[in-house]
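The next block holds one structure in the form of structure tokens; read it before the comments.
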Amino acid sequence: VNVCAPSEVVAPQAFSLSRFMAPPDARQRRTLAVGLIGPGRVGSALLRQLRTAQPRLAREAGLQLKLCGVADSRRMWLDHDDPELNTRSHGAQTWRPGDLDAFAAHVQRAGERHALLVDCSASDAVAAHYPRWLAAGVHVVTPNKLAASGPLERWHAIRQACAGGARYRYEATVCAGLPVVQTLRDLLDTGDELHSVHGMFSGTLAWLCNRHDGQQPFSALVREAHALGYTEPDPREDLSGLDVARKLVILAREAGWPLSLEQVEVESLVPPGLAGLPVEEFMQRLDQLDAPMAAKLAEAHTRGGVLRHVAKLDHHGRASVRLQVLPAAHAFAHSRLTDNVVQFTTRRYCDNPLQVQGPGAGPEVTAAGVFADLLRIAESLGVQA
Ligand SMILES: NC(=O)c1ccc[n+]([C@@H]2O[C@H](COP(=O)([O-])OP(=O)(O)OC[C@H]3O[C@@H](n4cnc5c(N)ncnc54)[C@H](OP(=O)(O)O)[C@@H]3O)[C@@H](O)[C@H]2O)c1
């Protein structure tokens, strides 16, 4: 792997809350105008976290986070909204039809010097706006994987758009709130060389592999995970391995390797005959997964190992996502519940890889990952005159 950190995307910033915690000098107040796109599970959790943290950040760090707007797929709310509309609705702010460019322009005007958009959607249409927003100087933070793992052409356009100084951060796209992208960036920025990445990037598949011990059919476990809300509404999004492949692409690109999603060898757990069915029919025919999964488990037992869903990027830049039999003593064999695990093997961490492990999904931890990205950008901003 040709390892050069794409430092144009985000300049390295040593982040420390203690810098925020320094007593604010009146001349050092920073104001950041924030617009949130996608007030769903993660977006709503972020709004709650921002509201709770605001007084502390203002008091202890001199940082004013000014929420100027919220947009979903159909409509948007803007502060300082149209006085005419406000008069008609007795002074209340109102929702109006969505228009993302008008939304971005509003947040930018409100921010004067510093404006930031948080994209908490899973929409490619929203990601398509990033190059334009960044080129206009608006920072972008997101847990949405579609830009960072999408077409290379757009990825390059985003990197170029950052040349003007706007920041694009996406820590929560890989393992939610766990410090995975930042850890890789720090390794590379300090002169280390990436040799390989091994990981379990899907909490859902980790849980399924942990529980799949032959006591009950695999389909029963998928149904249980579905009922617990561990899977996507359509479990094929997890079982296909595509979401995991996207995370691998994001890390590869972070290491300077121009990997595309199509280049990742992905072993789907969904039989081809079930791939195109409506979700209800797929759920009815889930038992078709049982025989192949039982065979894989039997093979693992014969070899004295365990079955794990592993993503791998090797030192030639080859990427794969598949079920693998691992020795019972392997670190991935001991993960808990829906844990994600990532191992970076590098020139410095060569005998024993650097490992990041913990819960890698859920609205609260994902929102916290987004919030931390936002704070890193805020920390790097100039002082407001
Ligand atoms: N949930 C997790 O644990 C987790 C973990 C890691 C990463 N993520 C990522 O975080 C993001 C949000 O996940 P979530 O679970 O919060 O999803 P969600 O609950 O489905 O919320 C998605 C939000 O995006 C909005 N949206 C969709 N299309 C839009 C568009 N074209 N323009 C503006 N807004 C649009 C939706 O608005 P409507 O209601 O109008 O459709 C909704 O508010 C996704 O990219 C996901 O992959 C989630």
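Check whether at least one residue in the stretch 329-346 is over 24 Å from residue 186 (Cβ atoms), modelled with pLDDT under 95 and of a type in the set (Val, Ile, Thr), and report yes or no.
The answer is yes; a qualifying residue exists.
Exactly one condition in (1) in contact (Cβ under 8 Å) with a residue 40 or more places away in the chain; (2) of a type in the set (Lys, Arg); (3) open to solvent by 20 Å² or more (accessible area, probe 1.4 Å) is not met by residue 185; state its number.
With (1) in contact (Cβ under 8 Å) with a residue 40 or more places away in the chain; (2) of a type in the set (Lys, Arg); (3) open to solvent by 20 Å² or more (accessible area, probe 1.4 Å) applied to residue 185, the lone miss is (3).
Among the residues of the stretch 303-314, is any more than 28 Å from the chain's Cα centre (by Cα), at negative phi and open to solvent by 60 Å² or more (accessible area, probe 1.4 Å)?
yes
So which residues in the stretch 246-294 are open to solvent by 30 Å² or more (accessible area, probe 1.4 Å) and among the polar types (S, T, N, Q), if there are any at all?
Across the stretch 246-294, the qualifying residues are 263, 268, 284, 288.
Pairs, please: C-beta under 6 Å, at least 6 apart or cross-chain, first residue crowded, with 24+ Cβ neighbours inside 10 Å and in the stretch 194-206, second acidic (Asp, Glu) and part of a strand (DSSP E or B)?
From residues that are crowded, with 24+ Cβ neighbours inside 10 Å, the pairs are 206/339.
Can you name the number of the only condition in (1) open to solvent by 20 Å² or more (accessible area, probe 1.4 Å); (2) assigned to a helix (DSSP H, G or I); (3) within 11 Å of the ligand (Cβ to nearest atom) that residue 102 fails?
So the condition that residue 102 fails would be (3).
Return a yes/no flag: does the stretch 217-239 have any residue that is out of contact with any Leu (no Cβ under 8 Å at 6 or more places or on another chain) and farther than 22 Å from residue 41 by Cα.
Among the residues of the stretch 217-239, at least one is out of contact with any Leu (no Cβ under 8 Å at 6 or more places or on another chain) and farther than 22 Å from residue 41 by Cα, which makes the answer yes.
When you look at residue 356, is it assigned to a strand (DSSP E or B), under 29 Å from residue 258 (Cα atoms) and of a type in the set (Val, Ile, Thr), yes or no?
Against the criterion (assigned to a strand (DSSP E or B), under 29 Å from residue 258 (Cα atoms) and of a type in the set (Val, Ile, Thr)), residue 356 qualifies.
Would you confirm whether or not the stretch 169-192 contains a residue that is within 18 Å of residue 248 (Cα to Cα), more than 16 Å from the ligand (Cβ to nearest atom) and touching a helix residue (DSSP H, G or I) at 6+ places or on another chain (Cβ under 7 Å)?
yes
Looking at the stretch 338-348, is at least one residue out of contact with any Gly (no Cβ under 8 Å at 6 or more places or on another chain) and open to solvent by 50 Å² or more (accessible area, probe 1.4 Å)?
yes
Give the stretch 369-381 a look and list any residue that's within 16 Å of the ligand (Cβ to nearest atom) and either closer than 19 Å to residue 184 by Cβ or touching a Ser or Thr at 6+ places or on another chain (Cβ under 6 Å) (or both), or say none.
369, 370, 372, 373
From the set of residues in the stretch 126-149 that are outside any helix (DSSP H, G or I), touching a Lys or Arg at 6+ places or on another chain (Cβ under 6 Å) and not small (Gly, Ala, Ser), which is nearest to the ligand (Cβ to nearest atom)?
Here the residue is 141.
Can you pull out every residue in the stretch 152-180 that is polar (S, T, N, Q) and open to solvent by 30 Å² or more (accessible area, probe 1.4 Å)?
The answer is 160, and nothing else.
List the strands (runs of 3 or more DSSP E) that sit entirely inside the stretch 277-348 and contain at least 1 residues that are of a type in the set (Val, Ile, Thr) and either closer than 22 Å to residue 215 by Cβ or free of Cβ contacts under 8 Å to residues at least 40 places away in the same chain (or both).
Filter on the stretch 277-348 gives 305-313, 319-327.
The values are calculated or read from the model by the stated rules, or taken from the named source; none is laboratory data. Predicted, not measured: the structure shown is a model, and the values here were computed from it. So basically every Cβ, Gly included, is an ideal-geometry build from the backbone, and we count neighbours across all protein chains shown. Remember, those area values only see protein heavy atoms, side chains included, never the ligands or the DNA or RNA. Shrake-Rupley method; radii C 1.70, N 1.55, O 1.52, S 1.80 Å.
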